[in-house]
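Undergrad: Once you've had a glance at the structure underneath, I'll fire off some questions.
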Amino acid sequence: MNLYRPEEECGIFGIYNHREASNLTYLGLYALQHRGQEACGIVSSDGQRLYSHKSMGLVADVFGNPEIFRNVPGDSAIGHVRYSTTGDSVSKNIQPILVNYSRGAIAVAHNGNIVNSQLIRAELEAWGSIFQTTMDTEIIVHLLAASKASSLEERMVEALNRIKGAYCLLFITETRMVAVRDPHGFRPLCLGKLGESYVVASESCALDLIEAEFIREVEPGEMIVIGRGGITSHFPFKKVKPSHCIFEHVYFARPDSYIFGKTVYLVRKELGRQLAREHAVDADIVIPVPDSGVPAAMGYAEESGIRFELGLIRNHYVGRTFIEPAQSIRHFGVKIKLNPVREVLKGKRVVVIDDSIVRGTTSRKIVKMVRQAGASEVHMRISSPPTSYPCYYGIDTPNRKELISSSHTLEEIRRYITADSLGYLSHEGLLTAVGGDKESFCHACFSGDYPIGFPRLGPEPQLDLF
Ligand code: AMP
């Protein structure tokens with residue numbers, strides 16, 4: 001395991017004060033399935049004690065049997081969906097993490113990545129802490145348990161002041177639920193209400209599913225405590241400039257979600273429009289790489305006046321190809337997932353829109369597929385800049401050496417993916433299309449500007465393409 005590699009992409013959901021808490025958490029997790037597909041779990045409270053059910057697998061597989069909900073009774077619950085890179089896909093690492101300590105029981109669900117976790121873990125282990133998992137999240141509960149502060153809120157603040165990185169956290173105790181978003185606000189988190197119940201979720205699409213009303217986004221650096229007496233908001237951390245993950249808008253979040261003050265779908269369409277302004281081409285049709293490229297392709301088609309078509313059809317029963325941990329599976333993935341519509345593509349000059357190129361594997365296979373289906377020209381357009389730097393804040397990107405654009409020119413990448421032309425959205429164009437305060441985004445994966453530092457690894461070997 002690499003010391004500074006992120007290990008997780010995740011989604012979190014919680015509901016307080018509802019007699020069907022676990023059922024609704026199951027539905028919330030279902031809506032957040034795109035954020036993590038390897039494992040999931042729910043911890044509930046009946047006011048006296050906490051209950052847990054978690055397993056490897058998709059939400060529908062783990063919680064599909066109604067009998068399961070007997071294991072997680074009560075009127076409050078938190079849940080988690082998780083994807084981890086190879087090696088850490090073991091059942092002990094499934095969240096929420098539930099512990100009993102001197103002051104009772106507590107469980108935590110985490111979305112993000114803590115960049116100084118290994119250092120704190122080493123320190124805690126030197127003091128005698130015994131870790132049950134390899135997850136960075138576990139250090140939070142150790143720090144909580146070690147704190148001498150009297151109230152839960154104070155213990156949380158003391159623990160969280162030690163950690164650096166990206167975190168949206170949901171805690172549950174016998175009687176309370178606490179939501180915390182890190183001061184940079186890397187990952188999205190929102191607050192909703194369903195009757196008298198409060199709901200917290202990574203993305204607003206989870207509130208929509210259970211027909212909860214969207215109240216607002218949890219602010220960067222905010223801690224929301226929900227208890228029998230109602231809800232209180234605190235800002236216990238030093239204020240810093242926000243660093244919302246721009247890649248959530250580009251790819252990761254669901255298009256029907258409202259995050260960082262915008263609806264993702266509209267942002268993606270604008271990315272496509274901007275892409276058309278920057279990289280126009282004479283062509284007959286614009287097609288998306290479904291599903292992630294669809295809104296951007298619609299924007300590109302609208303702006304360029306070139307007809308939008310569905311030239312590739314996706315099998316919806318296959319997960320995100322990238323999320324398959326083994327390289328061999330990913331290579332197969334593109335064919336398993338996508339099939340060309342020959343009558344649409346035959347003899348056409350085609351613009352293909354995708355949101356990003358990571359290793360180049362997907363684009364290469366898609367260009368080949370579109371050409372084999374009869375396209376006379378294939379022009380690849382990407383609705384984000386080259387992904388040249390790994391993310392250390394909770395998006396799973398490979399090591400720098402595997403990122404094709406970290407070591408290859410535009411022309412080399414074009415040749416590798418065998419497209420007639422290739423155009424990426426510019427950095428400035430990305431920020432303009434996303435809109436709002438340009439300073440409030442983390443775009444480290446595109447720019448290498450990391451808002452929170454970490455020790456850099458030495459030079460890495462380059463990806464050999466040809
Ligand atoms: P690659 O074949 O490695 O170039 O992967 C590019 C494809 O992966 C694009 O179609 C993206 O939509 C998708 N993608 C980009 N980043 C991620 C990520 N962090 N997790 C899952 N899929 C991703």
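Undergrad: Go through (1) more than 9 Å from the ligand (Cβ to nearest atom); (2) at pLDDT below 90; (3) of a type in the set (D, E, K, R) and name the single condition residue 349 misses.
TA: (2)
Undergrad: Next question, about the same structure. Could you look through segment 376-391, keep only residues that are open to solvent by less than 30 Å² (accessible area, probe 1.4 Å), closer than 26 Å to residue 350 by Cβ and part of a loop (DSSP other than H, G, I, E, B), and pick out the one that is farthest from the ligand (Cβ to nearest atom)?
TA: Among them, the one singled out is 385.
Undergrad: Can I ask one more? For the list (1) closer than 17 Å to residue 210 by Cα; (2) in contact with a Lys or Arg (Cβ under 6 Å, 6 or more places away or on another chain), I need the number of the one condition that residue 10 fails.
TA: Residue 10 satisfies every listed condition except (1).
Undergrad: When you go through 216, 181, 187 one by one, which is the residue that is under 29 Å from residue 102 (Cα atoms) and among the basic types (Lys, Arg)?
TA: Of the residues listed, the single one that is under 29 Å from residue 102 (Cα atoms) and among the basic types (Lys, Arg) is 181.
Undergrad: Considering only residues of segment 392-412 that are more than 24 Å from residue 116 (Cβ to Cβ), near the ligand (Cβ under 10 Å from one of its atoms) and open to solvent by 10 Å² or more (accessible area, probe 1.4 Å), which is modelled with the lowest pLDDT?
TA: Only one residue tops the list, namely 402.
Undergrad: Restricting to segment 442-466, and then to whatever is modelled with pLDDT of 55 or more and in a loop (DSSP other than H, G, I, E, B), can you tell me which residue is most open to solvent (accessible area, probe 1.4 Å)?
TA: Filtering segment 442-466 for residues that are modelled with pLDDT of 55 or more and in a loop (DSSP other than H, G, I, E, B), the one most open to solvent (accessible area, probe 1.4 Å) comes out as 449.
Undergrad: Residues of segment 221-256 being within 30 Å of residue 425 (Cα to Cα) and either within 16 Å of the ligand (Cβ to nearest atom) or not in a loop (DSSP other than H, G, I, E, B) (or both), which ones?
TA: Residues satisfying the conditions are 244, 245, 246, 247, 248, 249, 250, 251, 252, 253, 254, 255.
Undergrad: Here are 218, 264: which of them is crowded, with 20+ Cβ neighbours inside 10 Å, within 16 Å of the ligand (Cβ to nearest atom) and without any contact (Cβ under 8 Å) to a residue 60 or more places away in the chain?
TA: Answer to the check: 264.
Undergrad: Exactly one of (1) open to solvent by 50 Å² or more (accessible area, probe 1.4 Å); (2) in contact with a His (Cβ under 6 Å, 6 or more places away or on another chain) is unmet by residue 169. Its number?
TA: Single failed check for residue 169: (1).
Undergrad: Sticking with this one: Please verify whether residue 415 is closer than 14 Å to residue 444 by Cβ, open to solvent by 10 Å² or more (accessible area, probe 1.4 Å) and away from the ligand (no atom under 12 Å from the Cβ), treating the condition exactly as stated.
TA: Criteria not met by residue 415.
Undergrad: Tally time: how many residues in segment 392-439 are part of a helix (DSSP H, G or I) and within 18 Å of the chain's Cα centre (by Cα)?
TA: Looking only at that region, the number is 1.
Undergrad: If a residue has to be assigned to a loop (DSSP other than H, G, I, E, B) and polar (S, T, N, Q) to count, how many in segment 346-375 make the cut?
TA: Residues meeting the conditions: 1.
The values are calculated or read from the model by the stated rules, or taken from the named source; none is laboratory data. Everything numeric here is computed off the predicted structure, so don't read it as measured data. FYI the Cβ positions are ideal-geometry reconstructions off the backbone, even for glycines, and counts take in every protein chain you see. The area values use the complete protein model at the heavy-atom level, side chains included, leaving out ligands, DNA and RNA. Shrake-Rupley method; radii C 1.70, N 1.55, O 1.52, S 1.80 Å.
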